[in-house]
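J.: Next up is a structure, given as structure tokens.
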Amino acid sequence: MEGGASTPGSLGVAWARAWVEASADVMRQNRMALIDLDRAIGDGDHGENMDRGFTAVLAKLQSTETETIGDVLALVAKTLMSTVGGAAGPLYGTAYLRASKAAGSTLDAAGVADVLEAALGGIVARGKAEREDKTMVDAWGPASEAAREIAEAGGSGVEALQAAAQAAQAGAAATEPLTARKGRASYLGARSVGHRDPGAQSTALLLEAAAGAAGDGGGDE
């Protein structure tokens, strides 16, 4: 939604800042779980990288004034790109940067869908992955589709985030039986089957944090 007007269930800059705080918390809480997932099919550093990255984002946010959702998402993008190693930094950095450009002053359900679709587009452009390659795309794709369905049904921004979070979690779980076709995990071939993709899981956690921030008062700006 463009402009300063808000509608019930829409999301504003207070929600975006709350999302960052919730993201830092959930990455800290799930640091070891993500490390364990990544040890099975990757370098084992995903949890450490994501925790370090969002700790840095939170510190930067606390010392920065932000006027719009886009300001917050751009800050996340730049900080992740400068602090997160491996593939996650560029992928998440590009996702948040594209999302920042798609965000209006407030987000209704259509705005949430626009932001998630922009983030997905950035990840696909950067990583060249498709659905069922066993990557974070398998979580972002269903999430963006779920948000768009809520928008088309006349739901709110909060409802769109809640649907997106649920779809992302289901998408992350659905990576377990897949054979990895991108990234370091692809070197394992059939041995990657039976393991959840850590990037898809961190995506699900971040979108769960987004929905939680909205449900805790981030809506109705």
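The values are calculated or read from the model by the stated rules, or taken from the named source; none is laboratory data. Bear in mind the structure is a predicted one, so any value in this text is a computation, not a measurement. Cβ placement follows ideal geometry from the backbone for every residue including glycine, while neighbour counts extend to all protein chains displayed. Heavy atoms of the whole protein, side chains included, go into the accessibility calculation; ligands, DNA and RNA do not. Shrake-Rupley method; radii C 1.70, N 1.55, O 1.52, S 1.80 Å.
J.: Give the number of residues within segment 188-201 that are in contact with a helix residue (DSSP H, G or I) (Cβ under 7 Å, 6 or more places away or on another chain) and among the β-branched types (Val, Ile, Thr). So that I can check it myself, show each step before the final result.
T.: At the first step, the residues of segment 188-201 found to be in contact with a helix residue (DSSP H, G or I) (Cβ under 7 Å, 6 or more places away or on another chain) are 188, 192, 195-201.
So of that shortlist, the ones also among the β-branched types (Val, Ile, Thr) come out as none.
Qualifying residue count, segment 188-201: 0.
J.: With the structure loaded, tell me whether Leu37 is over 29 Å from Glu130 (Cβ atoms) and buried (at least 20 other Cβ atoms within 10 Å of the Cβ) or whether it fails that test.
T.: Details: over 29 Å from Glu130 (Cβ atoms): no; buried (at least 20 other Cβ atoms within 10 Å of the Cβ): yes.
So Leu37 fails the test.
J.: Quick one: in segment 145-158, which of the residues that are touching a residue at least 60 places away in the same chain (Cβ under 8 Å) and farther than 18 Å from Thr203 by Cα is nearest to the chain's Cα centre (by Cα)?
T.: First, the residues of segment 145-158 that are touching a residue at least 60 places away in the same chain (Cβ under 8 Å): 155-158.
Next, from what is left, pick out any that are farther than 18 Å from Thr203 by Cα: 155-157.
On the way: Gly155: 21, Ser156: 19, Gly157: 16 Å.
Once the filter is applied, the top-ranked residue is Gly157.
J.: Just give me the residues in segment 78-95 being among the polar types (S, T, N, Q), open to solvent by 30 Å² or more (accessible area, probe 1.4 Å) and farther than 16 Å from His46 by Cβ, in sequence order. Please lay out each step first, then the result.
T.: Pass one, segment 78-95, residues among the polar types (S, T, N, Q): 79, 82-83, 94.
So of that shortlist, the ones also open to solvent by 30 Å² or more (accessible area, probe 1.4 Å) come out as 82-83.
Hit for segment 78-95 is Ser82, nothing else.
J.: Kindly list the number of the only condition in (1) open to solvent by less than 40 Å² (accessible area, probe 1.4 Å); (2) under 29 Å from Met32 (Cβ atoms); (3) in a helix (DSSP H, G or I) that fails for Asp133.
T.: (3)
J.: Give the number of residues within segment 150-187 that are in contact with a helix residue (DSSP H, G or I) (Cβ under 7 Å, 6 or more places away or on another chain) and of a type in the set (D, E, K, R).
T.: So the count comes out to 2.
J.: If you don't mind, there's one more thing I want to ask. Applying the selection to segment 67-114, what residues are basic (Lys, Arg) and within 21 Å of Glu145 (Cα to Cα)? Before you say what the answer is, go through the steps one by one.
T.: Our first condition is that a residue be basic (Lys, Arg); within segment 67-114, this holds for 78, 98, 101.
Scanning segment 67-114 gives Arg98, Lys101.
J.: When you scan segment 7-102 for helices (runs of 4 or more DSSP H) that lie fully inside it, which ones turn up with 1 or more residues that are over 17 Å from the mean Cα position of the chain (by Cα) and within 25 Å of Thr179 (Cβ to Cβ)? Spell out how you get there, then give the answer.
T.: Working: elements: 13-29, 31-41, 46-62, 69-83, 88-102.
Passing ranges, in order: 31-41.
J.: Is it the case, given these coordinates, that Glu208 is open to solvent by 60 Å² or more (accessible area, probe 1.4 Å), modelled with pLDDT of 95 or more and within 20 Å of Ser23 (Cβ to Cβ)? Even if it seems obvious, please write down each step before you answer.
T.: Details: open to solvent by 60 Å² or more (accessible area, probe 1.4 Å): yes; modelled with pLDDT of 95 or more: yes; within 20 Å of Ser23 (Cβ to Cβ): yes.
Answer is yes for this residue.
J.: Go through (1) under 24 Å from Ala33 (Cα atoms); (2) open to solvent by 50 Å² or more (accessible area, probe 1.4 Å); (3) part of a helix (DSSP H, G or I); (4) at pLDDT 95 or above for Ala200 and report which single condition fails.
T.: Here Ala200 clears every test but (2).
J.: Right, next: From the list Ala180, Ala125, Ala168, which residue is closer than 18 Å to Ala214 by Cα and either over 14 Å from the mean Cα position of the chain (by Cα) or crowded, with 24+ Cβ neighbours inside 10 Å (or both)? Give the steps one after another, and end with the answer.
T.: Values: Ala180 fails: closer than 18 Å to Ala214 by Cα; Ala125 fails: closer than 18 Å to Ala214 by Cα.
After applying the criteria, what remains is Ala168.
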